[in-house]
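> The following block contains the structure, expressed as structure tokens.
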Amino acid sequence: MQNTLVDVLRLSRQDNPAAPLAHLPDGTTVSYGAFFAGAEQIAAALVAAGLGPGDRVAAQVHKSLSALQLYVGTVMAGGVFLPLNTGYTATELAYFIADASPRVVVCDPADQDAVAALATARVLTLDATGQGTLTKAAQGHPAGFTPVARGADDLAAILYTSGTTGKPKGAMLSHRNLASNAQTLADYWQFTADDVLIHALPIFHTHGLFVATNITLVSGGAMIFQPGFNTDDILAALPRATALMGVPTFYTRLLQCEGLAKAAARMRLFISGSAPLLAETHVAWEQHTGHRILERYGMTETNMNTSNPYDGERRAGTVGVPLPGVDLRLTDGKGKRVEDGQPGIVEVRGPNVFKGYWNLPEKTAEELLPDGFFVTGDIGTLDADGYLRIVGRAKDMVITGGYNVYPKEVELLIDAHPGVVESAVIGVPHPDFGEAVVGVVVLQSPDATTQDSILGDIGPQLARYKQPKRLFFVEALPRNAMGKVQKNLLRDRYAQTFTDAP
Ligand code: AMP
């Protein structure tokens, strides 16, 4: 019997433990052998702390290589890794701990007492430099821990969804979910042991934890491991790297930097995901660097579903085609396929799709259909040759006077107006129409562009019901840690535009 995910992650470098895995900010390099030896010691320490197969290890820790060893060590010990956003407050933490009842919680030393008050769990610490009671406990054990046997359908991780509506839900991910997606992506994007990936993403989210880390381990490549996103650090790393994975903000910020083209000259691959990459960013990146960004689409519940091709056309404004093994359909939300070219709710099926929401069987049954398809809640359209375009979340669709308005269609027109940096289109309550379309717009220079000039420009291109009834100008759109625009905050902010509700 094996431990599926661990077997897959350590396979590539089993014969060459001296191969480099991580180049750290302090100039040192950690080898595959040292990384796994440390993870084994952590696994032994977790078992000694009482962790049994299937028990959760919740971790609210800074980004460090030790934190990645904690992830791998937890899975080796037969446990379920539960990473938590470092931005969560004590109140939020209380919810996750009550919901997931972890056996072990790992936190920053500064939070130890507060966390101990919340949990009956064993509390261990890990600071930003990778030191703490966890590390001390691990050092008391020899390397060489034999991974606890787990099956492909056993859980390896629970990740709480970002929860822009309602309470966050814990997505249960199995060994098969994570292992299969890592192998598929490494293969599809042609990662090899020669790759050096710039890792500047947070590791409490599917993108940095699974896509970036698992692919590196599966392919036997190395990472330039950075504590966070900083354009200077990325520019400095580019000449030594072959690949970058980022959210769209990485690319828009890097485009403003001197020396980008030269630094990027020898790169093999730029990948974007987790939020929509504007087609204009895709075009500008190619003009500056000669590289076409490869955009992919996925989510906490499903890992990655679609990707633009490595060798074929990387089409701006699309998220590519279904990955090998993934079935995808667009429906009316009730299982009926929409007509060709029409927008529909994206549903996906495959070995990547999660096992359901922790403790929420009814919610799981609503979104995970009997035929195995997961209702993503995203709305998309398919080009004639199968490229998917994400036009928004179903929950963000505006219904005004009984008509559906897909925000993306209006946003693209507003964004094309001279002087507009970006926009978010939302629906707010309206006494006559149910909802009214409203645009929230960021301008290059507030004096030069007016509501009338934008509305006058887009008016002739849009049916009347799709035209925004108001535009609000703001300095920046609210975004979460992964760069996603938080439309729920905008809806709250502008809820009373057309009503007198208290
Ligand atoms: P999360 O579970 O936090 O990773 O969020 C997943 C959601 O991010 C998806 O359901 C999409 O709404 C959005 N998303 C991810 N990748 C893309 C992309 N390439 N383009 C547009 N939206 C994306």
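The values are calculated or read from the model by the stated rules, or taken from the named source; none is laboratory data. These numbers were taken from a predicted model, which means no experiment stands behind them. So basically every Cβ, Gly included, is an ideal-geometry build from the backbone, and we count neighbours across all protein chains shown. With ligands, DNA and RNA removed, areas are computed over all heavy atoms of the protein, side chains included. Shrake-Rupley method; radii C 1.70, N 1.55, O 1.52, S 1.80 Å.
Yes or no, residue by residue, for (1) of a type outside the set (D, E, K, R); (2) within 16 Å of D332 (Cβ to Cβ); (3) within 11 Å of the ligand (Cβ to nearest atom); (4) outside the structural domain of A156 (by TED's automatic domain parsing):
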{"position": "L368", "(1), (2), (3), (4)": "yes, no, no, yes"}
{"position": "I379", "(1), (2), (3), (4)": "yes, yes, yes, yes"}
{"position": "A384", "(1), (2), (3), (4)": "yes, no, no, yes"}
{"position": "L388", "(1), (2), (3), (4)": "yes, no, yes, yes"}
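> Surrounded by fewer than 19 Cβ atoms within 10 Å (Cβ to Cβ), over 19 Å from the mean Cα position of the chain (by Cα) and without any contact (Cβ under 8 Å) to a residue 60 or more places away in the chain: does that describe A94?
So A94 passes the test.
> Follow-up. Checking M172 against (1) away from the ligand (no atom under 16 Å from the Cβ); (2) surrounded by fewer than 23 Cβ atoms within 10 Å (Cβ to Cβ); (3) of a type in the set (A, V, I, L, M, F, W, C), which test does it fail?
(1)
> Which residue is farthest from G312 (Cα to Cα), if the candidates are limited to the range 175-190 and must be open to solvent by 30 Å² or more (accessible area, probe 1.4 Å) and in contact with a helix residue (DSSP H, G or I) (Cβ under 7 Å, 6 or more places away or on another chain)?
Here the answer is R176.
> Let me ask another. Restricting to the range 55-81, name every residue that is within 15 Å of A43 (Cα to Cα) and not in a helix (DSSP H, G or I).
Selection gives D55, R56, V57, A58, A59, A77, G78, G79, V80, F81.
Residue-wise test of (1) among the hydrophobic types (A, V, I, L, M, F, W, C); (2) under 23 Å from the mean Cα position of the chain (by Cα); (3) surrounded by 16 or more Cβ atoms within 10 Å (Cβ to Cβ).
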site	(1), (2), (3)
V6	yes, yes, yes
D26	no, no, no
Y32	no, no, yes
A49	yes, no, yes
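> Another question, then. What's the number of the condition L269 fails, among (1) in contact (Cβ under 8 Å) with a residue 12 or more places away in the chain; (2) more than 16 Å from the ligand (Cβ to nearest atom)?
(2)
> Of the residues T302, T289, only one is within 13 Å of the ligand (Cβ to nearest atom) and either modelled with pLDDT of 95 or more or not basic (K, R) (or both); which?
T302
> Which is without any contact (Cβ under 8 Å) to a residue 40 or more places away in the chain and either open to solvent by 40 Å² or more (accessible area, probe 1.4 Å) or part of a loop (DSSP other than H, G, I, E, B) (or both), of R315, R292?
R292
> I would also like to ask the following. Of (1) open to solvent by 10 Å² or more (accessible area, probe 1.4 Å); (2) at positive phi, G220 satisfies all except one. Which?
G220 satisfies all of (1) open to solvent by 10 Å² or more (accessible area, probe 1.4 Å); (2) at positive phi except (1).
> Step by step: first the residues of the range 445-487, then only those that are touching a helix residue (DSSP H, G or I) at 6+ places or on another chain (Cβ under 7 Å) and more than 16 Å from the ligand (Cβ to nearest atom), then the one that is farthest from L412 (Cα to Cα). Which residue is that?
Once the filter is applied, the top-ranked residue is L471.
> Turning to a different aspect of this structure: In this structure, does Q461 turn out to be in contact (Cβ under 8 Å) with a residue 40 or more places away in the chain and open to solvent by 50 Å² or more (accessible area, probe 1.4 Å)?
yes
> Test E347 against the stated conditions and say whether it is open to solvent by less than 40 Å² (accessible area, probe 1.4 Å) and either on the phi < 0 side of the Ramachandran plot or of a type in the set (S, T, Y) (or both).
Spelling it out, E347 is indeed open to solvent by less than 40 Å² (accessible area, probe 1.4 Å) and either on the phi < 0 side of the Ramachandran plot or of a type in the set (S, T, Y) (or both).
> Right, next: Which condition breaks for G130 when tested against (1) within 24 Å of the chain's Cα centre (by Cα); (2) part of a helix (DSSP H, G or I)?
(2)
> Restricting the search to the range 20-54, which residues are polar (S, T, N, Q) and part of a helix (DSSP H, G or I)?
Passing the criteria: only Q41.
> Turning to a different aspect of this structure: Before we move on, is S307 under 22 Å from the mean Cα position of the chain (by Cα), open to solvent by less than 10 Å² (accessible area, probe 1.4 Å) and within 30 Å of T376 (Cα to Cα)?
In short, yes.
> Filter the range 82-91 down to the residues that are open to solvent by less than 10 Å² (accessible area, probe 1.4 Å) and assigned to a loop (DSSP other than H, G, I, E, B) and list them by number.
Matches in the range 82-91: L84 only.
> Here is a further query. Mind listing whichever residues of the range 390-402 are away from the ligand (no atom under 11 Å from the Cβ) and not aliphatic (A, V, I, L, M)?
T400, G401, G402
> Could you tell me which of the residues N181, N214, N230, N177 is at pLDDT 95 or above, within 16 Å of the ligand (Cβ to nearest atom) and out of contact with any strand residue (DSSP E or B) (no Cβ under 7 Å at 6 or more places or on another chain)?
Only one candidate qualifies: N214.
> Give me the residue from the range 143-169 that is open to solvent by 10 Å² or more (accessible area, probe 1.4 Å), farther than 26 Å from A37 by Cβ and not β-branched (V, I, T) and, out of that set, nearest to the ligand (Cβ to nearest atom).
The residue in question is S162.
> Any residue at all in the range 403-421 that's within 15 Å of the ligand (Cβ to nearest atom) and in a loop (DSSP other than H, G, I, E, B)?
Yes - at least one qualifying residue is present in the range 403-421.
> When you scan the range 264-289, how many residues do you find that are open to solvent by 40 Å² or more (accessible area, probe 1.4 Å) and not hydrophobic (A, V, I, L, M, F, W, C)?
7
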